[in-house]
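Please read the structure below before turning to the comments.
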Amino acid sequence: MMKQLAIIPQPVSTTYTEGVFYSDGLPEIKGAGEFSKELETVKEQLCGDIEKLHLYASEQFSGDGEKKANIDTGKIVNCVLDSSLNAGNDEAYKLIIKHDGITVSAAAGKGMFNALQTFRQLMLSHYRDGSLALPCAEITDYPRFPWRGFMLDCARHFYDVSFIKNILDIMSLHHLNRFHWHLNDDQGWRLPVPDYPWLTEVGARKLETRFQYEYYTGGFYAEDDIRGIVEYAAARHIEVIPEIDLPGHASAVLAAYPGLGCTGGPYRVEDRFGIFEDVLCAGNNEIFDLAAKVFDTLARLFPSCYVHIGGDEVRFNRWNNCPKCQKRLKEFNLEKPEQLQSWITGTLVQMLVRRGKIAIGWEEILDDCDKFPLPKDTVVMSWRGSEGGIKASKRGHKVIMSPNIDGCYLDYRQYDSPEEPGPHWAVTSTVYKSYSVDPVTPEMSEEDAAHIIGGQGHLWSELIYAGKIAEYMIFPRLCALSEVFWTSKENRHFDDFSRRLKIHRERLDCLGVQQYRGELK
Ligand code: ACM
Ligand code: ZN
């Protein structure tokens with residue numbers, strides 16, 4: 001029996017029809033001029049995939065691993081513009097497999113790109129020994145949520161440009177369309193900022209002291225690296241959202257510019273896991289000079305209308321004991337230092353508005369903001385469970401859901417065993433858990449739910465020393481999350497996902513992606 005199509009995320013509808021499509025060699029992809037950019041990108045991806053497939057095939061299959069793809073087979077994937085498909089969703093597409101050819105149609109480039117990523121999945125799972133064989137079928141598809149994200153923490157450990165580009169290619173395979181790039185933290189600062197050279201001279205390198213020996217690790221992204229990643233992502237219809245986390249998680253900034261802290265230091269770029277007491281001084285106006293230059297840099301390098309300003313896990317001890325912070329507290333007639341964070345957030349949001357940007361922040365930006373209400377346009381990212389997102393939606397904010405304990409934190413161990421990597425103190429987060437989360441929770445009203453624009457999976461990297469370990473933690477949980485963010489709840493069934501995952505794993509194997517293979521529940 002022929003392998004089922006086994007697409008992840010599950011399309012809105014798949015109807016199997018009579019017959020089989022068979023192509024000796026790869027079918028040629030041809031299409032409407034409107035989609036020339038999408039076709040070019042997908043052909044580039046397929047060329048890379050085929051090379052990997054041959055490498056994989058020569059190890060795995062009986063066929064001749066050296067056999068090259070025969071492009072001129074007479075069979076065609078015909079890409080067609082169909083304006084009627086744009087029922088309010090420019091990501092929609094149709095894919096029709098008949099015995100004599102494949103037709104993909106969409107009303108817009110995004111839809112066409114999605115269609116061709118689905119075809120790419122089929123190529124990776126069904127192209128074997130130099131030929132492609134598929135059951136005939138008709139697929140209709142569009143997403144449930146517009147925001148389907150993945151965050152990579154490049155601050156705790158540094159990942160190079162080629163690793164990130166590979167992740168973007170795998171994201172696109174799953175119709176994921178937002179790359180949240182965490183660029184600073186206590187353990188590193190990765191963004192070059194003109195006028196603040198020490199951010200990368202000092203803040204991008206940490207001294208590893210956890211082991212017996214001492215050595216420096218780190219790095220930062222040159223402007224050309226950043227432009228390259230943004231462009232690479234855009235060609236894959238992925239928006240890159242940079243995050244500079246302020247005013248907490250500041251050890252690397254403070255190591256570079258100690259004058260921005262309450263005590264003046266000394267500080268160091270941290271190498272330990274943790275939340276640290278030293279944060280930017282709320283009584284020092286120079287923190288906004290730094291933010292201005294950072295935002296200028298982000299506005300210049302990132303076309304997205306969003307900038308993530310962090311705002312999580314700020315410790316308030318220093319502000320409690322700092323004369324400058326206390327002076328500011330009195331000036332604003334505030335009762336507690338927590339309220340100073342909402343003043344800083346409001347100021348940063350306005351600075352971004354002046355640069356044509358909308359702020360996103362971790363849910364803490366909603367805490368203690370009675371005196372300085374959070375501007376309505378600010379997007380809230382929920383992470384300490386879903387409650388922060390529910391509260392934000394009730395207050396009219398757009399919300400991105402990424403509850404840590406419900407399967408969105410991909411650094412947590414995937415199975416309850418000391419042999420699985422992950423922080424010992426965190427809950428176990430199985431593939432099943434990732435699959436079972438829903439950005440819309442039962443207690444939300446319809447109006448609240450309308451504020452939920454989607455969700456994200458996050459990989460925090462304190463304990464993720466290398467790209468291969470990162471892949472092991474990300475997959476297949478991100479595959480499960482891609483289905484949560486794309487597919488309607490009614491159309492999601494874990495047993496069916498598990499069956500499709502068996503075939504989908506071959507795709508990841510073909511691409512040389514490391515993945516967890518243990519128990520799913
Ligand atoms: C977070 O995990 N501190 C957002
Ligand atoms: Zn202070």
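The values are calculated or read from the model by the stated rules, or taken from the named source; none is laboratory data. This one's a predicted model, so the numbers in the text were calculated from it and none came from an experiment. Using ideal geometry, Cβ is built from the backbone for each residue, glycine included, and neighbour counts are taken over all protein chains shown.
Numerical summary
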read-out: Positions within the range 145-158 being in contact with a Ser or Thr (Cβ under 8 Å, 6 or more places away or on another chain) and surrounded by fewer than 21 Cβ atoms within 10 Å (Cβ to Cβ), in sequence order; value: Phe158
read-out: Residue match in the range 288-302 (condition: closer than 30 Å to Ile238 by Cβ, among the acidic types (Asp, Glu) and either within 16 Å of ligand 2 (Cβ to nearest atom) or surrounded by fewer than 19 Cβ atoms within 10 Å (Cβ to Cβ) (or both)); value: yes
read-out: Count of the range 326-340 residues which are more than 12 Å from ligand 2 (Cβ to nearest atom) and either crowded, with 17+ Cβ neighbours inside 10 Å or under 19 Å from Leu366 (Cα atoms) (or both); value: 6
read-out: Count of residues meeting criterion [closer than 24 Å to Gly361 by Cβ and within 16 Å of ligand 1 (Cβ to nearest atom)] in the range 392-422; value: 15
read-out: Every residue from the range 20-48 that is on the phi > 0 side of the Ramachandran plot and modelled with pLDDT of 95 or more; value: none
read-out: Val240 being modelled with pLDDT of 95 or more, touching a Phe, Trp or Tyr at 6+ places or on another chain (Cβ under 7 Å), closer than 25 Å to Glu364 by Cα and surrounded by fewer than 24 Cβ atoms within 10 Å (Cβ to Cβ); value: yes
read-out: Count - residues of the range 492-521 that are within 21 Å of Thr428 (Cα to Cα) and in a helix (DSSP H, G or I); value: 5
read-out: Filter result for Tyr159 (free of Cβ contacts under 8 Å to residues at least 60 places away in the same chain and either part of a loop (DSSP other than H, G, I, E, B) or within 13 Å of the chain's Cα centre (by Cα) (or both)); value: no
read-out: Breaking point among (1) crowded, with 22+ Cβ neighbours inside 10 Å; (2) under 20 Å from the mean Cα position of the chain (by Cα); (3) not polar (S, T, N, Q), for Gly467; value: (1)
read-out: Residue ranges of helices (runs of 4 or more DSSP H) in the range 172-276 with at least 1 members within 16 Å of ligand 1 (Cβ to nearest atom); value: 251-256
read-out: Single unsatisfied condition, Ile309 versus (1) buried (at least 20 other Cβ atoms within 10 Å of the Cβ); (2) over 29 Å from Ser402 (Cα atoms); value: (2)
read-out: Selection count where residues are in contact with a helix residue (DSSP H, G or I) (Cβ under 6 Å, 6 or more places away or on another chain) and in a strand (DSSP E or B), scope the range 109-131; value: 0
read-out: Contacts under 7 angstrom Cβ, first residue in the range 278-297 being under 17 Å from Gly259 (Cα atoms), partner in a helix (DSSP H, G or I) and within 16 Å of ligand 1 (Cβ to nearest atom), 6 or more apart; value: Asp278/Ser251
read-out: Some residue of the range 315-325 being of a type in the set (D, E, K, R), surrounded by fewer than 22 Cβ atoms within 10 Å (Cβ to Cβ), over 26 Å from Arg384 (Cβ atoms) and in contact (Cβ under 8 Å) with a residue 12 or more places away in the chain; value: yes
read-out: Every residue from the range 258-273 that is surrounded by fewer than 21 Cβ atoms within 10 Å (Cβ to Cβ) and within 14 Å of ligand 2 (Cβ to nearest atom); value: Pro258, Gly259, Thr263, Gly264, Gly265
read-out: Unmet criterion (only one of (1) among the basic types (Lys, Arg); (2) closer than 19 Å to Asn285 by Cβ; (3) within 16 Å of ligand 1 (Cβ to nearest atom)) for Arg315; value: (2)
read-out: Subset of the range 162-189 that is among the acidic types (Asp, Glu) and buried (at least 24 other Cβ atoms within 10 Å of the Cβ) - its residue that is nearest to the chain's Cα centre (by Cα); value: Asp185
read-out: Residue pairs meeting the criteria (Cβ under 8 Å; at least 6 apart or on separate chains; first in contact (Cβ under 8 Å) with a residue 40 or more places away in the chain, in the range 253-269; second part of a helix (DSSP H, G or I) and within 16 Å of ligand 1 (Cβ to nearest atom)); value: Arg268/Ser251; Val269/Ser251; Val269/Ala252
read-out: Only listed residue being under 23 Å from Phe113 (Cβ atoms), assigned to a loop (DSSP other than H, G, I, E, B) and either touching a Phe, Trp or Tyr at 6+ places or on another chain (Cβ under 6 Å) or modelled with pLDDT of 95 or more (or both), chosen from Ile7, Ile71; value: Ile7
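Let's see how each residue does on (1) of a type in the set (S, T, N, Q); (2) within 16 Å of Gly310 (Cβ to Cβ):
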site: Gly356; (1), (2): no, no
site: Ile360; (1), (2): no, yes
site: Glu363; (1), (2): no, yes
site: Asp367; (1), (2): no, yes
site: Leu374; (1), (2): no, yes
site: Ser382; (1), (2): yes, yes
site: Gly388; (1), (2): no, yes
